[in-house]
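Below: one structure, written as C-alpha cells.
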Amino acid sequence: MHLPPSPHLQEEKPFPSILIKGDGQLVSKGTFAEAQSIYIDPDPQSVSDLASAMSRSNMAICAHFYMDVELQGVLQALPDQSKVFIGDSLAMGDAAVRMCEEGAEAVAVLGVDFMSESVRSIVDKAGYGHVPVFRATEKKIGCSLAESAERLSYAAWLHKAASAPNPLHVVYINTSLESKAQSNNIVPTVTCTSSNVVKTILQAQLQIPDVSIWYGPDTCMGYNLQTMLDKVLKNWTDQEIKEKLHPQHDRSSIADLRENLHVYPNGNCVVHQMFGDKVVSDVRSHYPDAYVTAHLEVPGEMFEIAMEHSLEGRGVTGSTSDILNFITDKVREAAEGGEGGEEEEVRNLKFILGTEAGMVTSVVRNVKEILRTVPGARERVTAEIVFPVAPTAVASDPTFEGGIVPGVASGEGCGTNGGCATCPFMKMNELDNVVNVMERYAEGKGEGLEGFRPPQRLKGKIIGGRDATEQGVECILRMRELMKGGELGEELVEKVKGWEPREVKQRYEEVEVGQGEGKRVNVAGL
C-alpha cells in the first residue's frame, strides 16, 4: 500500500527508503522505493492464480532472495507455505530436497541458471532424480559473476594456482557446475558461500598451515576478505582473535593466512558494483545514526563502512541471510524494550541495505511479524529500509509523475556505470511464466517443457577421466562435509598436502576484444 510521506521522512535525504510503521503500513520516499513497495502487498487474484496452479501441479517453488519483488510478494502471500522457499542459493537445494521428501511432484527454481543446475544436482544426490526440476523460462538466465569464471583468464589463473605448493581453490557457489568441474580438474577445489567463506579459509589454514588459498571469481568479496584480515591484524590482540574470530587462531596464523590468500582480479556482480565511493560518502554524511549492512560482494568502500559499524554492533557484513537476520534481531531487540524500548518517543531504526533491493520483501515480512506479535511493539518502534542507490540508477522522464523513473535504458535500477540496484537476470523469472509452467505440467506431466529444464552442459561429458557432473558436485560435497563436521574432509586435505606443483606452460589463445578486434593473449600469464 502506498501512503503519503510520513513525518519520519520529511527531511531531505539522498536515498529512497521504505518506512515500516508500527501498524504495519508502508510509506515510500522516492520512485525507486515506490517501485519496490508497490508489490509487497500483492494483488489477491495473482495470489489465487498461483495457489491454484501449485495445487493442480503439486509443484514446489524454491526462489532466491533477489527475486523480483512482485513475485516475492505473491509467494509470501500464498496461504500454504509448505511448498514455498525463499533464501540463499545453497539453501534452495536443501529446501528442494525437503519438499521432495514431503511429496512434491516437481520443483520450480526461480533464480539464475546456475541455481537451477545446482538444485538439480543436489536433488539427484539425495535420491530424487525422478523429480523434475524446471525454470520459469526457456531463455538462458545468465549471471555476470558466474560467467567471470568461464573466461580464459580464469582458467589461466587456476593453472597459476596449480604451480604453487599446497594449493586450494575456494570457488564461490555462484558459479556453474561446469566451472566447478573444470576447476576441480586443474587444482583441488571446494565451494563456499558468503555465509561460510570466512570459516572455510580459517579452517583450511588450521588443517594445512602452509596452504595457498586461491579465491574466485568474486573479486570484491576476495578483496573484502583481505581487508577483513588486515583490520584484524591491525586492531585485535591474540585473545580478541580467539574470542571474536576463531579459538584456534592468533595473530601469527592470521598473518600467514593473509599472506597466502590470492584473489582473482577480474570477476564482479553487476548488482553490487552499484555501491561505490559516492554512495558511501552520502551514507557517512546523511545517515550517521543508521545501521549499515553490506553483502560480502559489494565494493570495498561499502564493505569497509559496514565493517566499521559492525565492530560497534551497528552493522553487519556477510550473506543475504546474515543481513536479514541482523535487521530482524535489531528490530526485535528494540520492540521487546531491550534497546530504548522504554522511551516514550517511537524509535525509528534506519538500515542501509547494501545488497540487491529485492531482498526488502523478506525484510518487510519479518519486521511486520515482529510488530504484529511482540506486545507493545507498534508503540515502540518503526523501521526504515534505505536503498543506497547510486545517482546513475535513476533517469529523467518528463512524462512520468515526479520527473524521474527508477532506471535507465539498460533496465530498472541499472546505471550507466554498469551496476544495478536490482538484478536484471533475476527479473527474467516472471509470475505469469511460473503459473504457465505449472499449468502445463499439470496437464502434460512435463511434455513440451524440455526447454524449461536446467542447463545440462555436462551431460555425458568426461573431464580428467571422470564424469564431469561428478567432478563438479564433488566440490559442493566437500563444502557440505565442512559445514556438517566443522573440518575439511581428509580426502581434500591429503590431496592439497600431497600436491606436486605443475609447470605452467606458455599457452596462447586467440580471444576477441573490443568490437571484434582480435588480439593474441598469453592466457597462462594473466
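Amide H of N348 versus every other amide H placed in the peptide plane: which residues, excluding those fewer than 5 positions away on the same chain, fall under 5 Å?
T382
Near the amide H of V84, under 5 Å away, which other amide H atoms are found, from residues 5 or more places off or on another chain, if H is placed in the peptide plane?
Hits under the 5 Å cutoff: I61.
Enumerate the calculated ³J(HN,Hα) couplings along segment 80-97 in order (Karplus 6.51 cos²θ - 1.76 cosθ + 1.60, θ = phi - 60°), each rounded to whole Hz, writing x wherever the residue is Gly or Pro.
These are the phi-based 3J(HN,Hα) values: 10, 9, 5, 10, 10, 9, 10, x, 6, 4, 5, 4, 4, x, 4, 5, 4, 4 Hz.
What number, in percent, do you get for the relative contact order of segment 127-216 if the mean sequence gap of Cα pairs under 8 Å and at least 6 apart is divided by its residue count?
For segment 127-216, the relative contact order is 32 percent.
May I ask you to evaluate 6.51 cos²θ - 1.76 cosθ + 1.60, the Karplus curve with θ = phi - 60°, for each residue of segment 279-290 and list the ³J(HN,Hα) values in order in whole Hz, giving x for glycine and proline?
Per residue, the Karplus-derived 3J(HN,Hα) values read 4, 5, 4, 5, 4, 5, 6, 10, 10, x, 9, 8 Hz.
Would you list, by chain and number, the lysines whose Cα falls below 27 Å from the Cα of K461, excluding same-chain residues fewer than 8 positions away?
The qualifying lysines are K125, K139, K140, K160, K180, K495, K505.
Can you compute 3J(HN,Hα) from phi for each residue in segment 431-441, using the Karplus curve 6.51 cos²θ - 1.76 cosθ + 1.60 with θ = phi - 60°, rounded to whole Hz and x for Gly and Pro?
4, 4, 5, 4, 4, 4, 4, 5, 5, 5, 5
When only Cα pairs under 8 Å and 6 or more residues apart are kept, what is the percent relative contact order across segment 216-331?
With pairs under 8 Å counted, the relative contact order is 27 percent.
Under a 5 Å amide H to amide H cut-off, with H placed in plane at 1.01 Å, what residues pair with F134 once short-range neighbours are removed?
Those qualifying (amide H under 5 Å, at least 5 residues apart or on another chain) are V107, A108, V109.
Restrict the search to segment 86-167; then list the trypsin sites (Lys or Arg not before Pro) that DSSP places in a loop and that have at most 14 other Cβ atoms within 10 Å of their Cβ.
Loop-located and lightly packed - K139, K140.
For segment 87-182, rounded, prolate or oblate, judged on the Cα gyration tensor with a ≥ b ≥ c (square roots of eigenvalues), a/c < 1.5 rounded, else prolate if a/b > b/c?
Prolate.
Using Cα positions and a limit of under 17 Å, work out the lysines in reach of K234, with same-chain residues fewer than 8 apart set aside.
K242, K244
Classify segment 154-209 from the C-alpha gyration tensor, please: rounded if a/c falls under 1.5, else prolate or oblate depending on whether a/b exceeds b/c.
oblate
So what does L90 come to for accessible area, using a 1.4 Å probe and Å² rounded to 10?
10 Å²
The values are calculated or read from the model by the stated rules, or taken from the named source; none is laboratory data. Please read these numbers as outputs of a predicted model, since none were measured by experiment. Glycine also receives a Cβ, built like all others from the backbone with ideal geometry; neighbour counts cover every protein chain displayed. Heads up: the accessible areas ignore ligands, DNA and RNA and are worked out on the full protein's heavy atoms, side chains in. Shrake-Rupley method; radii C 1.70, N 1.55, O 1.52, S 1.80 Å.
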